[in-house]
Ligand SMILES: [Ca+2]
């Protein structure tokens, strides 16, 4: 991807923390990304899983490969180490501390399995204790209208060996939302897998759209202008025309941790947004 893209993307560098609402607060400073240009030969390549093998292709060829069912491979060495890495390549993923609002790749790991991973042979793993809140996150979907999202899913594995508490815990999807087009801080949308559907020691894929019937919550309590605290995907689209992932501070993550108490371990693989499927692998 050699050309400059006319996108002004900004990501939070320092953000506050609100433990009561399980989310980051407004970015206190932002650093604009005026260019998404890839600056090295290596970053001009995309790592894909093609017929079970990991290959590298030019970024220009990626979409054709994705259309044929390839996945984008993300391994430990591909993670952004800091916000500068994200600014250089906004497609990066990273582990994120939701208590201190910082990229911290010591918070998670890439492991084999467990079991038969949905893609490749491994997955990302996050363990928390107490009320820790950790995420596998990215800023790359800046400004995406929810109406343009036709596929949104992720897979989790809840190993009984790593969980001292309730068996029905799961990592969950959350992202910074812009309901009204103002691109101001409006908290997060949250999709939590239904507790009664969670099984241990097996991979499960969560469809966050589910033909419009997937149930979402809002980290601010009742949804803006309503008296309801949950809404289906279809209702989100009809209630808030133009609703999108926030443009600046376009943070999106799969969270492990609070409000579940006492900590647990979760494995994550196969995050999907439209044509992109991410294979987190060891
Ligand atoms: Ca994998």
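Values computed for the structure shown
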quantity	calculated
Which listed residue is touching a helix residue (DSSP H, G or I) at 6+ places or on another chain (Cβ under 6 Å), away from the ligand (no atom under 16 Å from the Cβ) and either at pLDDT below 95 or assigned to a strand (DSSP E or B) (or both), from 168, 176, 262	168
The one condition in (1) over 29 Å from residue 238 (Cβ atoms); (2) part of a strand (DSSP E or B); (3) within 16 Å of the ligand (Cβ to nearest atom) that residue 153 fails to fulfil	(1)
Which numbered condition residue 133 misses (of (1) closer than 19 Å to residue 193 by Cα; (2) more than 12 Å from the ligand (Cβ to nearest atom); (3) more than 15 Å from the chain's Cα centre (by Cα))	(3)
Given (1) within 22 Å of residue 159 (Cβ to Cβ); (2) away from the ligand (no atom under 12 Å from the Cβ), index of the condition residue 119 fails	(2)
Test result for residue 83, touching a strand residue (DSSP E or B) at 6+ places or on another chain (Cβ under 6 Å), modelled with pLDDT of 95 or more and closer than 24 Å to residue 248 by Cβ	yes
Residue in segment 97-113 that is modelled with pLDDT under 95, part of a loop (DSSP other than H, G, I, E, B) and within 16 Å of the ligand (Cβ to nearest atom) present	no
Selection within segment 265-282 - surrounded by fewer than 24 Cβ atoms within 10 Å (Cβ to Cβ), assigned to a strand (DSSP E or B) and more than 12 Å from the ligand (Cβ to nearest atom)	265, 272, 273, 276
Top-ranked residue in segment 72-94 [being in contact with a helix residue (DSSP H, G or I) (Cβ under 9 Å, 6 or more places away or on another chain) and within 16 Å of the ligand (Cβ to nearest atom); ranked as nearest to residue 133 (Cα to Cα)]	93
Top-ranked residue of segment 249-259 - restricted to ones that are farther than 15 Å from residue 138 by Cβ and within 15 Å of the chain's Cα centre (by Cα), ranked as nearest to the ligand (Cβ to nearest atom)	256
Tally, over segment 128-142, of residues that are in a strand (DSSP E or B) and under 23 Å from residue 73 (Cβ atoms)	5
Residue in segment 231-248 that is within 16 Å of the ligand (Cβ to nearest atom) and either within 16 Å of the chain's Cα centre (by Cα) or within 20 Å of residue 158 (Cβ to Cβ) (or both) present	no
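The values are calculated or read from the model by the stated rules, or taken from the named source; none is laboratory data. Remember, it's a predicted structure, so these values are computed and weren't measured experimentally. Positions of Cβ are backbone-derived with ideal geometry, glycine not excepted, and every protein chain shown enters the neighbour counts.
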